[in-house]
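Structure record follows, encoded as structure tokens.
The values are calculated or read from the model by the stated rules, or taken from the named source; none is laboratory data. Predicted, not measured: the structure shown is a model, and the values here were computed from it. When we count neighbours, we look across all protein chains shown, and the Cβ atoms used for this are built from the backbone with ideal geometry, even at glycine.
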Ligand SMILES: *Cc1c(COP(=O)(O)O)cnc(C)c1O
């Protein structure tokens, strides 16, 4: 560990620690796949899909190549495409928007709740038109969006709900696992997520057997039986055996990792009470898994610089709303004003929070933040 004077410097994230601890198990899992000699859609993926479906509390889970593909294929499996509008948020990065566009649909941006920074159901309702077919709430930073209000809205208007769970493995809403409440739940196994592969991977969970069947066919060239393609929008999007084997090593640790994340978050929240920061809140019915611990400050950039001086790594999730990316600039003109999104984007700052963070590092972050404030 490097030091700044006597204080430890704290990295924003250090994946090496997790992989070092699991290395013998991971090497054994990779060996199992080499021995079996089957690398695509074989027993590791099948077992992992079963194990992940259990976590998500759904009868079906379908492994795909990424979280972005999980979203795109979910939309296609629900029959959504050109001419259809899909409501989502602008403060959660570009993948969700890429998926909606790749499915051929038109994204429509709603504002976020000023407290949780997840989709504001009233704003979503104001976005609905005759063309709206689906809502994609993002369970941002590890906390579920307001799913009661969103599913009620969807029911009233006959819309699909596709949950973006890329940051919410193991989160819950009203005791129900993230991903089990909408028509599908879409997970990413990008290495930095709460459950990360050693490469790319994704998963769709669903309770609808027709959607599960559509997804299994869509990820495999649209084939409904071997070498007979029946779905024109089929492609290649598969979770591979090596990633599934590695994810099976990690999955049994997810609950403990999330508990450690929650414990660190509690320590931060207690220590930061009284500072001029807006702290993350946990709405009563939601189990937050703290993919990120995000504070808000009107002086975010100064705070960030001061923390950097003390050796504390931070990041901003995300630096700009999607409509200020060139690719999505047209959405700014088409959207109503999103004042709560605008305000949040200028204020959010993510502090180091990962399960392998030591108590000494947690203390160092706390002292640095107090000092900086
Ligand atoms: C990571 C992420 C995705 C995309 O996942 P990939 O596996 O990188 O394609 C989608 N939505 C959100 C909110 C994410 O954080």
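Output yes when any residue across region 289-296 is in a strand (DSSP E or B), surrounded by fewer than 21 Cβ atoms within 10 Å (Cβ to Cβ) and in contact with a helix residue (DSSP H, G or I) (Cβ under 6 Å, 6 or more places away or on another chain), and no when none is.
Checking region 289-296: at least one residue is in a strand (DSSP E or B), surrounded by fewer than 21 Cβ atoms within 10 Å (Cβ to Cβ) and in contact with a helix residue (DSSP H, G or I) (Cβ under 6 Å, 6 or more places away or on another chain).
If you take the residues of region 113-123 that are part of a loop (DSSP other than H, G, I, E, B), at negative phi and crowded, with 21+ Cβ neighbours inside 10 Å, which of them is farthest from the chain's Cα centre (by Cα)? Show your work before the answer.
First, the residues of region 113-123 that are part of a loop (DSSP other than H, G, I, E, B): 113-118, 120.
Right, trim to at negative phi and you get 113-116, 118, 120.
Of the ones still in play, those that are also crowded, with 21+ Cβ neighbours inside 10 Å are 116, 118, 120.
Numbers: 116: 15, 118: 12, 120: 18 Å.
Applying the filter and picking the extreme gives 120.
Has region 210-232 got at least one residue that is within 13 Å of the ligand (Cβ to nearest atom) and touching a strand residue (DSSP E or B) at 6+ places or on another chain (Cβ under 7 Å)? Break it down into steps so the answer makes sense when it comes.
Within region 210-232, the subset within 13 Å of the ligand (Cβ to nearest atom) is none.
No, every residue in region 210-232 fails to be within 13 Å of the ligand (Cβ to nearest atom) and touching a strand residue (DSSP E or B) at 6+ places or on another chain (Cβ under 7 Å).
Restricting attention to region 185-199, which residues are in a loop (DSSP other than H, G, I, E, B) and either modelled with pLDDT under 95 or within 7 Å of the ligand (Cβ to nearest atom) (or both)?
Restricting attention to region 185-199, the residues satisfying the condition of being in a loop (DSSP other than H, G, I, E, B) are 189-199.
Residues satisfying the conditions are 189, 190, 193.
Would you check if residue 138 is in contact with a strand residue (DSSP E or B) (Cβ under 6 Å, 6 or more places away or on another chain) and over 23 Å from residue 286 (Cα atoms)? It would help to see each step written out before you state the result.
Numbers: in contact with a strand residue (DSSP E or B) (Cβ under 6 Å, 6 or more places away or on another chain): yes; over 23 Å from residue 286 (Cα atoms): no.
No: the conditions fail for residue 138.
Check region 4-20 and report whether any residue there is assigned to a helix (DSSP H, G or I) and surrounded by 24 or more Cβ atoms within 10 Å (Cβ to Cβ).
Within region 4-20, the first condition is being assigned to a helix (DSSP H, G or I), and the residues that meet it are 15-20.
From the residues that got through so far, the ones that are surrounded by 24 or more Cβ atoms within 10 Å (Cβ to Cβ) too are none.
No, region 4-20 contains no residue that is assigned to a helix (DSSP H, G or I) and surrounded by 24 or more Cβ atoms within 10 Å (Cβ to Cβ).
With the structure loaded, tell me whether residue 99 is surrounded by 20 or more Cβ atoms within 10 Å (Cβ to Cβ) and either closer than 15 Å to residue 328 by Cβ or without any contact (Cβ under 8 Å) to a residue 24 or more places away in the chain (or both) or whether it fails that test. Give the steps one after another, and end with the answer.
Details: surrounded by 20 or more Cβ atoms within 10 Å (Cβ to Cβ): yes; either closer than 15 Å to residue 328 by Cβ or without any contact (Cβ under 8 Å) to a residue 24 or more places away in the chain (or both): yes.
Spelling it out, residue 99 is indeed surrounded by 20 or more Cβ atoms within 10 Å (Cβ to Cβ) and either closer than 15 Å to residue 328 by Cβ or without any contact (Cβ under 8 Å) to a residue 24 or more places away in the chain (or both).
So which residues in region 219-243 are farther than 29 Å from residue 34 by Cβ and outside any loop (DSSP other than H, G, I, E, B), if there are any at all? Walk me through it before giving the result.
Initial filter on region 219-243 (farther than 29 Å from residue 34 by Cβ): 222, 224-225, 228-234.
Listed by number, the residues that qualify are 224, 225, 228, 229.
Take the residues of region 40-78 that are out of contact with any helix residue (DSSP H, G or I) (no Cβ under 6 Å at 6 or more places or on another chain), under 16 Å from residue 199 (Cα atoms) and not in a loop (DSSP other than H, G, I, E, B): which is farthest from the ligand (Cβ to nearest atom)?
So, considering only residues that are out of contact with any helix residue (DSSP H, G or I) (no Cβ under 6 Å at 6 or more places or on another chain), under 16 Å from residue 199 (Cα atoms) and not in a loop (DSSP other than H, G, I, E, B), the one farthest from the ligand (Cβ to nearest atom) is 40.
Here is a list: 110, 171, 90. Which entry is within 23 Å of residue 52 (Cβ to Cβ) and within 20 Å of the chain's Cα centre (by Cα)?
Testing whether each residue is within 23 Å of residue 52 (Cβ to Cβ) and within 20 Å of the chain's Cα centre (by Cα) leaves just 171.
Which numbered condition trips up residue 47, out of (1) over 26 Å from residue 99 (Cα atoms); (2) surrounded by fewer than 13 Cβ atoms within 10 Å (Cβ to Cβ)?
Result: residue 47 passes all but (2).
Consider residue 262 against the criteria (1) within 21 Å of residue 9 (Cβ to Cβ); (2) in a helix (DSSP H, G or I); (3) touching a residue at least 12 places away in the same chain (Cβ under 8 Å): it satisfies all of them except one. Which criterion is unmet?
Status for residue 262: all satisfied but (1).
Only one of 255, 248 is crowded, with 16+ Cβ neighbours inside 10 Å, assigned to a helix (DSSP H, G or I) and in contact (Cβ under 8 Å) with a residue 40 or more places away in the chain. Can you tell me which?
On the way: 255 fails: crowded, with 16+ Cβ neighbours inside 10 Å.
Step by step, each of 255, 248 is checked, and only 248 is crowded, with 16+ Cβ neighbours inside 10 Å, assigned to a helix (DSSP H, G or I) and in contact (Cβ under 8 Å) with a residue 40 or more places away in the chain.
Within region 127-141, is there a residue that is assigned to a loop (DSSP other than H, G, I, E, B), within 12 Å of the ligand (Cβ to nearest atom) and either touching a residue at least 40 places away in the same chain (Cβ under 8 Å) or surrounded by fewer than 21 Cβ atoms within 10 Å (Cβ to Cβ) (or both)?
Checking region 127-141: at least one residue is assigned to a loop (DSSP other than H, G, I, E, B), within 12 Å of the ligand (Cβ to nearest atom) and either touching a residue at least 40 places away in the same chain (Cβ under 8 Å) or surrounded by fewer than 21 Cβ atoms within 10 Å (Cβ to Cβ) (or both).
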